[in-house]
Amino acid sequence: MALRHHGTEDFGEWKLIGSGGFGKVYKASHKGLRKMRAIKILTNGVSPQSALNEAETMAKAPCEYVLTLYGMYQGFPPGEATSRQGIVMEFMEGGSVESLLKDLSGPPPWPLAFRLADEVAVGMNYLHDQGLVHCDLKPSNVLLTHNLNAKIADFGLSKVSHSVSTGSRTTTGEEGGSFKYMPPEALINLNYKPVRSFDIYSYGIVLWSIFTGGEPYPVANEGQVRALIPKGQRPDCTIIDQTEAEGLKELVGLMQKCWDGNASNRPDFKECTKATEIVFSKHEMEINDAVFQVSKTLGLPTTIQGPNVTSQIQTPDQSQPHDTVDFGRQTHTERTPVQDPVAVPIKTMSEKEKAKFVDVNKATLIQDVSEVMPIVDELGSMVHGETYSRIDAKPTSQKKMRLLYGGPFRSGGQKVKAAFFDALQKLQPLLVERLGG
């Protein structure tokens, strides 16, 4: 696909939010869309082709659980006298799994931990279905939306997997990945070529981090890890109380299968998603409350359902630069006290204006509406019983919203869209206000 190109004139309100060996990541506002974007700018000495390679890899993987690519950047970022190249991506307000674990000083509540495990598995399964191997799956490369949904990011090391492709295809990026998340076969063989089992092993270590809130081998250096992982050492599982939550024992078993020393014994991501979906389904009724509590603790801006209340969480400005890249909220910042929800004034709109609002804001509403079923309930007989069941069966809010747009909104026209607007304004008023309704 052709990649869209952006220049400096397209963006304003630049803020540095991270840096690393590759360069810098900025948060910037797209002037035309009035949406925040993350712009990854390459440092001097890094080949511009690497940015193009990464962008082309991302473009092959459009998925709800994979970071969205918006195109390439060529221009003059703040303080730069020469033109620089970069990638324009979705801005993730929730930071990363790494920053989440650090800010919580431990693991998230089990419903959220199980949802993260499931969403990462689904995203990785999609990548593998597209013939891609990520090669650098780790907590810092699992980014979070404002509602703490996971998306896979950072495709600088991604490969086209010859084990899943049907023809001769070229690879991109550089060999390697973070050594604590690399499988033993990659640590002992300089000629190792990544295949899907590489990512499966990494996923096992990521699960351990999510379930414990810790970093694997915190006092070990790279030499020790490279020497001892091939001999069978793995993160300490004795610190996980497998009786704490229903299904945890099964996922710890999956985790251990994923990091098996024999790559042929590891499951594929289809098997992983079956296990994670079953476990998350046992805790799905508690997910809103878990997200509400974590968001309140971290000061994240989100509209979610807490215990018997829909509430908006306020957040401080997290724009100061850090040494690590999360493309969003940074770690260990001073928190602004959470403010009580305020009443949102309701302005009078015609049925036609309400329907236009639903059409114009389609992409944002699909992403940000969290109270889909309560809204559908408000629509009553406008949604046929069979359609209601199909919407209710969808596993995520985004999929429920897409079905609404493809079904009742299309067939019911202006009247249904206006009724949807009224229900949205009742249940998520601050989202409507943010979008100018």
Quick check: net charge around SER411, other residues with Cβ under 14 Å of its Cβ, Lys/Arg +1 and Asp/Glu -1?
+3
The ³J(HN,Hα) series, computed from each phi in the range 94-109 with the Karplus coefficients 6.51, -1.76 and 1.60 at θ = phi - 60°, rounded to the nearest Hz and given as x for glycine or proline, is x, x, 9, 4, 4, 5, 4, 5, 5, 5, 7, 6, x, x, x, x
Using a 7 Å offset from the Cα along the Cα-to-Cβ direction at both SER281 and ASN262, what is the distance between the two label points in nm, to one decimal?
3.1 nm
In the neighbourhood of ASP10 defined by beta carbon distances under 13 Å, the net charge of the other residues (Lys, Arg +1; Asp, Glu -1) is +3
Find out how many positive minus negative residues lie around GLY261, taking Lys and Arg as positive, Asp and Glu as negative, among other residues whose Cβ is under 13 Å from that of GLY261.
+2
Spin-label model distance (nm) - TYR388 vs LYS31, 7 Å beyond Cα toward Cβ
4.9 nm
Can you put ARG34, ARG390 in order, fewest other beta carbons within 10 Å first?
ARG34, ARG390
Least to most buried among THR212, THR238, THR273, by other C-beta atoms within 10 Å and fewest first, runs THR238, THR212, THR273
As an exercise, use a Förster radius of 30 Å and the Cβ-Cβ distance of SER350 and GLU9 to find the FRET efficiency, rounded to the nearest 0.05.
0.25
Amide H within-cut-off set for ARG266, under 5 Å, with H built and near neighbours excluded
none
In what order do MET373, MET89, MET285 fall by count of nearby beta-carbon atoms within 10 Å, going from fewest to most?
MET285, MET373, MET89
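Read-outs throughout are calculated quantities, based only on the coordinates presented, and are distinct from any laboratory measurement. All values derive from a computational prediction rather than experimental measurement. Reconstructed Cβ throughout: ideal geometry from the backbone, glycine too, with neighbour counts over all protein chains shown.
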